[in-house]
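Remarks on the structure that follows.
The values are calculated or read from the model by the stated rules, or taken from the named source; none is laboratory data. None of the values given here were measured: they were computed from a predicted structure. Cβ coordinates were reconstructed from backbone atoms using ideal geometry, including for glycine residues, and neighbour counts include every protein chain displayed. Accessible surface is based on the protein model in full, side chains and every heavy atom, while ligands, DNA and RNA are left aside. Shrake-Rupley method; radii C 1.70, N 1.55, O 1.52, S 1.80 Å.
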There are 2 protein chains.
Amino acid sequence: MTAALTGLAAALPASWPASLAPDRLEVIDVPTPYLVTDLDAVARRLDRFTAALPGVRAFYAMKCNPAPEILHTLRAGGASFEVASLGELRVLERLGADPAEVLYSNPVKPPAHIAAAYAAGLWRFSFDSPNELHKIAGHAPGSAVYLRLHVDDSASSFPLSRKFGAEPHEARELFTLARRLGLRPYGLTFHVGSQCATTAAWRRAIGLAGRVLAGLLDDGVRLEMLDLGGGFPARYTAGVPPIEDIGTTVRAAIAELLPYRPGLIAAEPGRHLVAEAAVLAAGVIGREVRAGQNWLFLDVGAYQGLMETIQLPSGWDFPVRSSVPGHGLVPELTFTVTGPSCDSSDTMFHGLALPATIDVGDVLYLGSAGAYTLSYASAFNGFPPPAPLFVGRSGGT
Amino acid sequence: MTAALTGLAAALPASWPASLAPDRLEVIDVPTPYLVTDLDAVARRLDRFTAALPGVRAFYAMKCNPAPEILHTLRAGGASFEVASLGELRVLERLGADPAEVLYSNPVKPPAHIAAAYAAGLWRFSFDSPNELHKIAGHAPGSAVYLRLHVDDSASSFPLSRKFGAEPHEARELFTLARRLGLRPYGLTFHVGSQCATTAAWRRAIGLAGRVLAGLLDDGVRLEMLDLGGGFPARYTAGVPPIEDIGTTVRAAIAELLPYRPGLIAAEPGRHLVAEAAVLAAGVIGREVRAGQNWLFLDVGAYQGLMETIQLPSGWDFPVRSSVPGHGLVPELTFTVTGPSCDSSDTMFHGLALPATIDVGDVLYLGSAGAYTLSYASAFNGFPPPAPLFVGRSGGT
């Protein structure tokens with residue numbers, strides 16, 4: 001049966017770029033592990049985002065994948081950038097990006113990073129407390145400041161809990177202080193949480209922002225920016241709202257729920273733009289039976305790039321294919337899939353259905369692997385992170 | 001009161017090297033974050049380990065901290081090394097170590113790593129399955145093989161679950177296969193689990209190994225090595241058995257529970273040798289109140305080296321000091337301590353008591369930070385890992 005299936009396999013999920021189909025990757029003469037990104041797919045994702053959210057400027061949240069090739073592609077497509085640190089700004093500067101076009105949206109920043117970003121020409125800083133305003137006023141005098149509001153993020157895969165965000169009722173006092181400190185009241189922002197699963201979360205957050213904007217008007221404060229933050233989802237194995245639906249919701253909410261439309265409507269997509277554009281190829285280095293269960297050992301684990309699989313008790317599912325002929329059509333077994341290190345915590349998938357014959361030397365292809373993979377990677381146990389590869393014409397190496 | 005307390009602070013825990021006392025670190029003119037290791041303290045830990053376990057050869061588990069300065073210090077002190085990958089072996093080769101002195105104890109290895117290690121002169125490989133024996137026989141013919149036994153690791157902080165280890169009843173069949181494949185039956189090993197809290201775990205494991213050795217004798221197989229594995233604890237905030245107590249237990253168990261004494265008794269200490277010899281200095285970059293709780297933001301987080309704080313639901317406690325005068329004597333508050341990134345998962349400590357006045361610009365010193373910190377570190381969110389610094393005469397930079 002296997003011979004008859006050579007070259008056949010179950011259809012790829014819609015999120016998987018045809019350019020990264022397993023049979024096309026198999027001819028890449030690079031040892032596993034590698035992470036291959038289709039830069040054209042990244043460019044298409046940005047185009048689609050822009051079409052779905054007309055009038056919204058995309059500031060790519062580069063924390064999710066700061067590969068220069070991706071930054072270059074997104075910049076060429078018209079995106080700007082959001083940074084979490086001075087280190088990220090320095091990467092952008094090396095690429096020739098203008099710091100004046102960059103948002104610094106980490107609400108709590110090292111004073112030295114604020115000063116150096118200001119010296120480089122960055123002029124917009126987020127904040128969520130009086131302390132941060134004092135820091136900004138001291139190290140970036142006269143800068144524009146935008147307030148991070150605490151919103152309900154319970155619909156996301158990674159709620160941000162209470163780490164960030166001011167309460168809406170604190171906004172007026174905070175902007176009054178900002179003015180007193182010589183800062184420029186500039187905007188509002190929020191974060192519905194990473195990989196947000198419902199469009200309603202944006203409507204609620206925009207409604208909240210509208211009420212804050214109205215309150216500020218009473219103080220004579222008219223803001224220049226509403227930043228919708230991140231959380232725009234990518235497709236993995238579960239359904240997520242298409243960006244067009246989010247766009248429809250956001251446009252309606254902006255039209256209906258704001259007392260005025262700020263001059264700049266910003267958003268900080270990260271995962272949404274890059275996750276689906278990349279495939280991680282992991283080599284099978286061992287197959288064992290442990291206490292009656294099938295275990296598969298890969299040459300890339302949680303600490304080489306699959307961190308998100310161990311951050312949540314519920315795990316993290318990637319669409320999976322393999323080099324086994326007829327993948328998805330041949331008989332399967334379920335496997336515990338673990339990394340190459342000696343750590344037991346380095347175990348990524350439980351109960352994953354894979355071809356029953358998969359074995360050492362085969363390759364597992366994880367789709368939607370472009371976000372929050374290499375950015376978390378270390379060389380734990382001496383195993384290097386996946387090698388970054390790029391295909392596509394949009395500025396590839 | 002503060003002025004009168006300048007220079008005073010609560011006594012350091014016994015595990016904290018005097019050379020790394022906070023008042024001595026404050027004169028180091030290096031920006032935070034940094035990880036400073038006293039190489040003399042590393043050398044002393046190895047000496048004490050050797051004295052407590054006479055006749056036991058230490059093979060340092062370099063996965064826990066592969067800094068060349070530490071490897072050099074331990075090698076000068078008479079230790080050899082245990083590697084988890086070819087990448088680690090390459091680091092040792094660059095330092096001039098002889099691969100023939102190195103143990104390769106990761107039970108599931110990439111075939112290409114086996115072949116390259118064998119070509120470099122490494123001749124001892126662990127295994128725990130028929131599949132791994134076939135791999136070794138194919139890529140490192142004639143090599144010596146030692147069997148990883150599954151033992152009870154429930155007394156450790158990081159039990160290794162079922163990822164590794166053969167059942168004792170499988171040993172005879174496995175060594176029979178090893179001989180049939182032309183391999184040299186060489187030894188037994190086990191792992192009681194990282195940071196093991198009870199000496200009884202070693203006695204139980206050695207007793208189990210003794211029963212396996214006796215069974216193998218019936219097949220005419222007499223092994224050359226018993227490798228006690230790792231798990232030797234370091235002091236953090238909870239009490240752990242001193243190495244002398246572990247040594248007493250191990251010596252008694254070896255004398256009483258083995259049918260014969262193999263020529264080589266090995267051990268793979270990692271954390272035990274290096275954790276207490278280093279202090280991590282983290283700068284305070286923010287202090288906020290969130291929903292009535294005090295939050296402290298540091299310039300190093302879970303993804304820059306404090307991974308172990310988020311691996312276990314119970315967290316991980318380091319002994320903590322700060323640059324606040326009179327630390328431990330002045331009034332305290334409890335804090336949620338979080339990292340510099342935008343991730344909420346990047347939160348390291350909950351309910352940590354710290355001086356009430358601690359604020360931006362102060363430094364938090366985490367003791368016993370020499371193990372499993374930099375080895376897990378990435379530059380997530382653009383924040384670099386702590387800079388490695390070394391003091392002491394034993395081969396420092």
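Please work out if B:Gly142 is part of a loop (DSSP other than H, G, I, E, B), more than 22 Å from A:Phe383 (Cβ to Cβ) and in contact with a strand residue (DSSP E or B) (Cβ under 9 Å, 6 or more places away or on another chain). Yes: the conditions hold for B:Gly142.
Given the conditions (1) within 17 Å of A:Ile285 (Cα to Cα); (2) in contact (Cβ under 8 Å) with a residue 24 or more places away in the chain; (3) open to solvent by less than 10 Å² (accessible area, probe 1.4 Å); (4) hydrophobic (A, V, I, L, M, F, W, C), and given that B:Ala116 satisfies all but one, which numbered condition is not satisfied? In the conditions (1) within 17 Å of A:Ile285 (Cα to Cα); (2) in contact (Cβ under 8 Å) with a residue 24 or more places away in the chain; (3) open to solvent by less than 10 Å² (accessible area, probe 1.4 Å); (4) hydrophobic (A, V, I, L, M, F, W, C), B:Ala116 misses (3) alone. Between B:Arg94, B:Arg44, B:Arg24, B:Arg48, the distinction of being within 14 Å of chain A (Cβ to nearest Cβ), out of contact with any Leu (no Cβ under 9 Å at 6 or more places or on another chain) and open to solvent by 30 Å² or more (accessible area, probe 1.4 Å) belongs to B:Arg94 only.
Residue-by-condition table, conditions (1) touching a residue at least 40 places away in the same chain (Cβ under 8 Å); (2) among the small types (Gly, Ala, Ser); (3) surrounded by fewer than 18 Cβ atoms within 10 Å (Cβ to Cβ):
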residue: B:Asp153; (1), (2), (3): yes, no, no
residue: B:Phe164; (1), (2), (3): yes, no, no
residue: B:Pro168; (1), (2), (3): yes, no, no
residue: B:Arg172; (1), (2), (3): yes, no, yes
residue: B:Thr176; (1), (2), (3): yes, no, yes
residue: B:Arg179; (1), (2), (3): yes, no, yes
residue: B:Gly182; (1), (2), (3): yes, yes, yes
residue: B:Gly187; (1), (2), (3): yes, yes, no
residue: B:His191; (1), (2), (3): yes, no, no
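Here B:Val30, B:Val36 are screened, and the one residue that is in contact with a Leu (Cβ under 7 Å, 6 or more places away or on another chain) and crowded, with 19+ Cβ neighbours inside 10 Å is B:Val36. The residue of segment B:51-60 that is farthest from the other protein chains (Cβ to nearest Cβ), among those that are aliphatic (A, V, I, L, M) and surrounded by fewer than 19 Cβ atoms within 10 Å (Cβ to Cβ), is B:Ala51.
For segment B:73-109, filtering for residues that are touching a residue at least 40 places away in the same chain (Cβ under 8 Å), in contact with a Gly (Cβ under 7 Å, 6 or more places away or on another chain) and over 19 Å from B:Gly370 (Cβ atoms) leaves 1. Among the residues of segment B:129-156, those identified as of a type in the set (Gly, Ala, Ser), away from chain A (no Cβ under 11 Å) and on the phi < 0 side of the Ramachandran plot are B:Ala137, B:Ala140, B:Ser143, B:Ala144, B:Ser154, B:Ala155.
When the criteria are applied in full, A:Thr338 meets the requirement of being closer than 19 Å to B:Leu86 by Cβ and not aliphatic (A, V, I, L, M). Entry remark, segment A:249-269: residues being closer than 20 Å to A:Gln195 by Cα, open to solvent by 10 Å² or more (accessible area, probe 1.4 Å) and assigned to a loop (DSSP other than H, G, I, E, B) number 1 in total. Taking the criterion of being closer than 14 Å to A:Pro269 by Cα and under 21 Å from the mean Cα position of the chain (by Cα), would at least one residue in segment A:85-93 satisfy it? No: segment A:85-93 contains no residue that is closer than 14 Å to A:Pro269 by Cα and under 21 Å from the mean Cα position of the chain (by Cα).
Summed over segment B:344-397, the residues that are part of a strand (DSSP E or B), open to solvent by less than 10 Å² (accessible area, probe 1.4 Å) and under 30 Å from B:Ala76 (Cα atoms) give a count of 2.
The selection criterion, being among the small types (Gly, Ala, Ser), in contact with a Gly (Cβ under 7 Å, 6 or more places away or on another chain), assigned by TED's automatic domain parsing to the domain that holds B:Gly370 and on the phi < 0 side of the Ramachandran plot, holds for B:Gly301.
When each of A:Gly220, A:Gly230, A:Gly215, A:Gly207 is tested for being within 14 Å of another protein chain (Cβ to nearest Cβ) and closer than 30 Å to A:Leu183 by Cα, the lone residue that passes is A:Gly230. Which members of segment B:61-77 meet the condition of being more than 18 Å from B:Arg124 (Cβ to Cβ) and either at pLDDT below 95 or within 8 Å of chain A (Cβ to nearest Cβ) (or both)? The one that is more than 18 Å from B:Arg124 (Cβ to Cβ) and either at pLDDT below 95 or within 8 Å of chain A (Cβ to nearest Cβ) (or both): B:Pro66. Within the set of pairs 6 or more residues apart or between chains, which connect a residue that is more than 8 Å from chain A (Cβ to nearest Cβ) and in contact (Cβ under 8 Å) with a residue 40 or more places away in the chain inside segment B:357-385 to a residue that is among the acidic types (Asp, Glu) and assigned to a loop (DSSP other than H, G, I, E, B) with Cβ atoms less than 8 Å apart? Close Cβ pairs satisfying both conditions: B:Val363/B:Glu26. Mind listing just one residue for me: the one in segment B:284-294 that is more than 7 Å from chain A (Cβ to nearest Cβ) and in a strand (DSSP E or B) and, of those, farthest from A:Ala166 (Cα to Cα)? In this case the residue turns out to be B:Val284. For segment A:322-343, give me each residue that is more than 14 Å from chain B (Cβ to nearest Cβ) and part of a loop (DSSP other than H, G, I, E, B). Within segment A:322-343, A:Ser323, A:Val324, A:Pro325, A:Gly326, A:His327, A:Gly328, A:Leu329, A:Val330, A:Pro331 meet the criteria. For A:Leu133, the conditions (1) within 19 Å of B:Phe297 (Cα to Cα); (2) open to solvent by 20 Å² or more (accessible area, probe 1.4 Å); (3) of a type outside the set (Ser, Thr, Tyr); (4) in a helix (DSSP H, G or I) all hold with the exception of (2). Being in a loop (DSSP other than H, G, I, E, B) and in contact with a helix residue (DSSP H, G or I) (Cβ under 6 Å, 6 or more places away or on another chain) is a property that holds for A:Val151.
Is it the case, given these coordinates, that A:Pro99 is surrounded by fewer than 24 Cβ atoms within 10 Å (Cβ to Cβ) and in the same structural domain as A:Leu228 (by TED's automatic domain parsing)? Yes: the conditions hold for A:Pro99.
The residues on offer are B:Ser80, B:Ser126, and the sole one that is hydroxyl-bearing (Ser, Thr, Tyr), within 14 Å of chain A (Cβ to nearest Cβ) and either open to solvent by less than 50 Å² (accessible area, probe 1.4 Å) or out of contact with any helix residue (DSSP H, G or I) (no Cβ under 9 Å at 6 or more places or on another chain) (or both) is B:Ser126.
When you go through B:Tyr236, B:Tyr303 one by one, which is the residue that is assigned to a helix (DSSP H, G or I) and either within 14 Å of chain A (Cβ to nearest Cβ) or of a type in the set (Ser, Thr, Tyr) (or both)?
B:Tyr303
Select from segment B:311-321 the residues that are under 17 Å from the mean Cα position of the chain (by Cα) and within 11 Å of another protein chain (Cβ to nearest Cβ) and write down the one among them that is surrounded by the fewest Cβ atoms within 10 Å (Cβ to Cβ). The residue in question is B:Leu312.
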